[in-house]
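K.L.:
Below you'll find the structure I mean.
The values are calculated or read from the model by the stated rules, or taken from the named source; none is laboratory data. Small disclaimer: the values here were computed from a predicted structure and weren't measured. Here the Cβ positions follow ideal geometry from the backbone for every residue, glycine too, while neighbour counts run over all protein chains shown. To get the accessible areas, we keep the full protein, side chains included, count just its heavy atoms, and leave off ligands, DNA and RNA. Shrake-Rupley method; radii C 1.70, N 1.55, O 1.52, S 1.80 Å.
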Amino acid sequence: MYSHQRIVITGVGLTAPNGNNLTEYRQALVQGVSGITQSEIRYMGQQAVGLCRFDEMKYQSKKQRRRGTRAGSISIYCANEAITDAKLDWASLDKSKVGVYVGITEHGNVETENEIYELHQNKLDTKLWSPHHNPRTVANNPAGEVTLALGITGPHYTIGAACAGGNAGIIQAVQMLRLGEVELAIAGGISESPQTFGIFAGFAAQGALGFDANDVTKSIRPMDKKRNGTVISEGGCLYIIEKLETALARGAKIYAEIVGYAINSDASDYVNPHTGRQTECMRLALHRAQMQASDVDIVSMHATGTGAGDISEAAAVREVFSASSKTYVNFTKGHIGHCMGAAGALELAGNLSAFEDGIVHLGLNVDELDPDCECPGLVIQESKYVGNVKTILNNSFGMLGINSALIVKKYEGK
Amino acid sequence: MTTQDVKQVVIDIIADIAPDEDLSVIKEDVSLREQLDLDSMDFLDIVMELRKRHRVEVPADDYPRLATLASCVEYLTPKFIQ
């Protein structure tokens, strides 16, 4: 390891289109339960979408919700669930030593679109523009709402990393803990993207918006020969991340140790992926974790269901892991769609329970595997019991050529 | 609009801005901020909603006139009549 400070995950709070806590979510993934539904999107008509159904009022007043954003509400829910799950003594915790690092793909599109819609209803009278527009659209909004709701006085900000945001939020937490900036981090990723038509219209304009009128749950089919694009979803997953010794001192349940990570850039295209850079990213993460490819039990692919994206990533995974007969490969977006900034964090969470139950959940909706997407060890028809899972590598990539790979290891008491 | 109507307009707006509050026990001559969880942004919202829903303008210098429910009614009623 390139730093001696060991960092662990001790709490998980999440909401996904198919589950509002880790137990529900894991069960849905293993059983192949989709969270994709159909909904009317402004100006866009009926679209396939992944929406979360958590209780916004569980941790917020109506007024807090009205003042804030959907992204903030998702973040507050996930943060509270994570704190509860970690069994932290929150009341006596020094809140100035807590950092909030939330990965996002984008923020502010939803709120700006809504204001502009209202502006047109109000005959372009800008005097009716909401005084809440700026606090709702500043880039730190989701993380800031967490600090407001929980009285956290340590640092907070979002990490804009396109759809690598979830991994980037976790990596930021690791770095800040190792620097000694904070003693505890609430970190991961969130997304409110389905609340904005612009994201749908943008993917449609790229020819990358998936839809299946016969069965909406099949609108996103990563790795399938007939895949025709991705599905926009919302979601959130925030972790409690802390130093190993503080976790041990308080007798915390340790979900995993974060042992390696890497972020790099393609420097080649605005949207098209780059197999070579993705390969380098995974290899750098392995190098930093002092691991070989054969040490990895599960590779969780980014796999968005787009034509070029899945082929590129499959080639990168083959390049790194083809000689590793014990490595299984899966993906999550077939179940929940593309949760954008939350994707990396949620997809890691979906696989974390494999450390306990030894099951690799299936990647959903592959009827006919695209030969160009073949990967050794790909789990697609049904979830597979594989026994002792010790290491997971979680890929998350995004536009403008950002790649991330995160490696977590089962903590076995040493 | 009667003073009772104007009072109801203000209460309806506050009900939307502060949805967790019980407005049935509101005291008309006590500062709204003393009895309700309202901050400066909420008062901007009240001004905005008066403008949006009723085309009633409240200049910044007059914001103190919205301190209590009674003062709201006293200040706003002539504007609704205009």
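K.L.:
Report, by chain and number, residues whose modeled amide H sits under 5 Å from the one on A:Val299, excluding near sequence neighbours (fewer than 5 apart, same chain).
P.N.:
Excluding prolines and chain starts, which carry no amide H, the hits are A:Tyr328, A:Val329, A:Asn330, A:Leu393.
K.L.:
Using alpha carbons only, how many degrees (0 to 90, rounded to 10) separate the axis of helix B:3-17 from the longest principal axis of chain B?
P.N.:
50 degrees
K.L.:
For A:Asp55 and A:Glu118, compute 0.36 nm times the residue count separating them, minus their Cα-Cα distance, and round to one decimal in nm.
P.N.:
Extending this stretch completely gives an extra 20.0 nm.
K.L.:
Over chain B, consider all pairs of different Cα atoms and compute the Kirkwood hydrodynamic radius from their mean reciprocal separation; express it in Å, one decimal.
P.N.:
Values: mean 1/r = 0.0793 Å⁻¹.
By the Kirkwood definition, the hydrodynamic radius is 12.6 Å.
K.L.:
Over the range A:261-409, what is the percentage of antiparallel beta bridges among all DSSP beta bridges, to the nearest 5?
P.N.:
Expressed as a percentage, antiparallel bridges in the range A:261-409 total about 65.
K.L.:
Only four residue types carry charge here, +1 at the Cβ of Lys and Arg and -1 at the Cβ of Asp and Glu. Report the dipole size of the range A:7-249 about the Cα centre in Debye, rounded to the nearest 20.
P.N.:
260 debye
K.L.:
Same structure again: What is the pair-distance distribution P(r) of chain A, computed from all Cα-Cα distances in 20 Å bins starting at 0, with each bin given as a whole percent?
P.N.:
30, 59, 11, 0
K.L.:
Quote the total accessible area buried by chains A and B together, excluding ligands, DNA and RNA, probe 1.4 Å, nearest 100 Å².
P.N.:
1300 Å²
K.L.:
Can you give the Rg and Dmax of the range A:296-382 based on its C-alpha atoms, in angstrom?
P.N.:
For the range A:296-382, the Cα-based Rg and Dmax read 12.2, 34 Å.
K.L.:
Also, quick follow-up: What is the magnitude of the charge dipole of the range A:322-384 about its Cα centre, with +1 placed on the Cβ of each Lys and Arg, -1 on the Cβ of each Asp and Glu, and no other charges, expressed in debye to the nearest 20? Walk me through the numbers before you get to the answer.
P.N.:
Working: 3 positive and 9 negative charges, 49 e Å.
About 240 debye.
K.L.:
Over the heavy atoms of A:Tyr59, what accessible area does a 1.4 Å probe trace out, to the nearest 10 Å²?
P.N.:
We get 60 Å² for A:Tyr59.
K.L.:
About the Cα centre of chain A, what is the dipole size in debye to 20, counting +1 per Lys and Arg Cβ and -1 per Asp and Glu Cβ, all else neutral?
P.N.:
The calculation lands at about 820 debye.
K.L.:
Carbon and sulfur: what percent of the protein assembly as shown's accessible surface (1.4 Å probe)? Present the calculation step by step, with values, prior to reporting the outcome.
P.N.:
Numbers: 9750 of 19640 Å².
After summing per-atom areas, the C and S share lands at 50 percent.
K.L.:
If I ignore ligands, DNA and RNA and count only protein heavy atoms, how much of A:Val259 is accessible to a 1.4 Å probe, in Å² to the nearest 10?
P.N.:
Solvent-accessible area, nearest 10 Å²: 10 Å².
K.L.:
When the helices in chain A are scored as -39500 (n - 2.57) per DSSP H run of 4 or longer and the sum is shared across all residues, what 222 nm value do you end up with, to the nearest 500 deg cm²/dmol?
P.N.:
Only helices count here, giving -9500 deg cm²/dmol.
K.L.:
Relative contact order of chain A: what whole-number percent is it, with Cα pairs under 8 angstrom and at least 6 residues apart?
P.N.:
Once normalised by length, the contact order is 23 percent.
K.L.:
Per Stokes-Einstein, at 37 °C and 0.692 mPa s, what whole-number D in µm² s⁻¹ belongs to the range A:7-249, with the Kirkwood radius over Cα pairs as the hydrodynamic radius? Spell out each step's value before the answer.
P.N.:
Details: Rh = 18.8 Å.
It diffuses with D of about 174 µm²/s by this estimate.
K.L.:
What residues of the range A:119-147 lose no less than 30 Å² of accessible area with every protein chain in place versus their chain by itself (probe 1.4 Å, heavy atoms only)?
P.N.:
Residues shielded by partner chains are A:Lys127, A:Leu128, A:Pro131, A:His132.
K.L.:
Can you show me the helix-derived [θ] at 222 nm for chain B, built from DSSP H runs with n ≥ 4 at -39,500 (n - 2.57) apiece and divided by the number of residues, rounded to the nearest 500. Walk me through the numbers before you get to the answer.
P.N.:
Numbers: 4 runs with 47 residues, N = 82.
About -17500 deg cm²/dmol.
K.L.:
Taking springs between alpha-carbon atoms closer than 10 angstrom, which of A:Cys339, A:Cys237, A:Cys375 fluctuates most in the Gaussian network model of chain A?
P.N.:
Largest GNM mean-square fluctuation: A:Cys375.
K.L.:
Could you check how many percent of all C-alpha pairs in the range A:261-409 are farther apart than 22 Å?
P.N.:
That tail contains 31 percent of the Cα-Cα pairs.
K.L.:
Something else: Have a look at the DSSP beta bridges in chain A and tell me what percent are antiparallel, nearest 5.
P.N.:
65 percent
K.L.:
Now, a different point. Please name whichever of A:Gln290, A:Thr84, A:Leu128 sits farthest to the positive end of the charge dipole of chain A, dipole taken about the Cα centre and charges placed at Cβ: Lys and Arg +1, Asp and Glu -1.
P.N.:
Value: A:Thr84.
K.L.:
Provide a list, ordered by number, of residues in the range A:44-65 showing at least 30 Å² less accessible area with every protein chain present than when their chain is taken on its own, using a 1.4 Å probe.
P.N.:
A:Lys62, A:Lys63
K.L.:
Now for a different question. Where Lys and Arg each count +1 and Asp and Glu each count -1, what net charge lies around A:Phe355 among other residues with Cβ under 13 Å from its Cβ?
P.N.:
0
K.L.:
Determine the order of A:Asp94, A:Asp266 by accessible area, beginning with the largest, at a probe radius of 1.4 Å.
P.N.:
Sorted descending by solvent-accessible area, the residues read A:Asp94, A:Asp266.
K.L.:
Extending each Cα 7 Å along its Cβ direction at B:Ala60 and A:Phe211, get the distance between those two points in nm, one decimal.
P.N.:
Calculated label separation equals 4.7 nm.
K.L.:
With a 1.4 Å probe and every protein chain left in place, work out the accessible area per residue of the range A:180-328 in Å², rounded to a whole number.
P.N.:
36 Å²
K.L.:
Oh, and also: Once you've got the Cα coordinates, tell me which of A:Lys243/A:Lys409; A:Lys225/A:Lys384; A:Lys62/B:Lys7; A:Lys58/A:Lys414; A:Lys63/A:Lys95; A:Lys333/A:Lys410 are over 26 Å apart.
P.N.:
A:Lys58/A:Lys414
K.L.:
For the range A:7-249, give me the percentage of DSSP beta bridges that are antiparallel, rounded to the nearest 5 percent.
P.N.:
Antiparallel bridges make up about 60 percent of those DSSP assigns within the range A:7-249.
K.L.:
Oh, and also: Between the chain alone and the structure with every protein chain in place, find the residues of the range B:5-43 that drop at least 40 Å² of accessible area; heavy atoms, 1.4 Å probe.
P.N.:
The answer is B:Pro19, B:Asp20, B:Met41 - residues whose exposure falls by at least 40 Å² when every protein chain is included.
K.L.:
Hey, another quick one. Which of A:Leu248, A:Leu128, A:Leu362 moves the most in a Gaussian network model of chain A with Cα springs under 10 Å?
P.N.:
In the Gaussian network model the winner is A:Leu128.
K.L.:
Taking just the alpha-carbon atoms of the range A:201-267, what radius of gyration and Dmax come out, in angstrom?
P.N.:
19.7, 54
K.L.:
Keeping all protein chains in position, work out how much accessible area A:Trp90 exposes to a 1.4 Å probe, and write it in Å² to the nearest 10.
P.N.:
For A:Trp90, solvent-accessible area is about 40 Å².
K.L.:
In addition: If you bin every alpha carbon distance in the range A:90-199 into 5 Å steps from zero, what whole percent lands in each bin?
P.N.:
Whole-percent P(r) values from 0 Å outward: 2, 13, 19, 19, 16, 11, 9, 6, 3, 2, 0.
K.L.:
Counting only other residues whose beta carbon sits under 14 Å from that of B:Ser24, what net charge do I get with K and R as +1, D and E as -1?
P.N.:
Taking every other residue near B:Ser24 into account, the sum is -3.
K.L.:
Taking only protein heavy atoms into account and a 1.4 Å probe, give the accessible area per residue of chain B in Å².
P.N.:
So chain B comes to 54 Å² accessible per residue, rounded to a whole number.
K.L.:
So which DSSP H runs in chain A come out at 15 Å plus along the axis (Cα) with average Kyte-Doolittle of at least 1.6? Show your work: numbers first, answer last.
P.N.:
Working: long enough: A:70-85 (22 Å, 0.15); A:109-121 (18 Å, -1.32); A:165-179 (21 Å, 0.67); A:275-288 (20 Å, -0.84); A:307-321 (22 Å, 0.42).
Membrane-span-like by this rule: not one helix.
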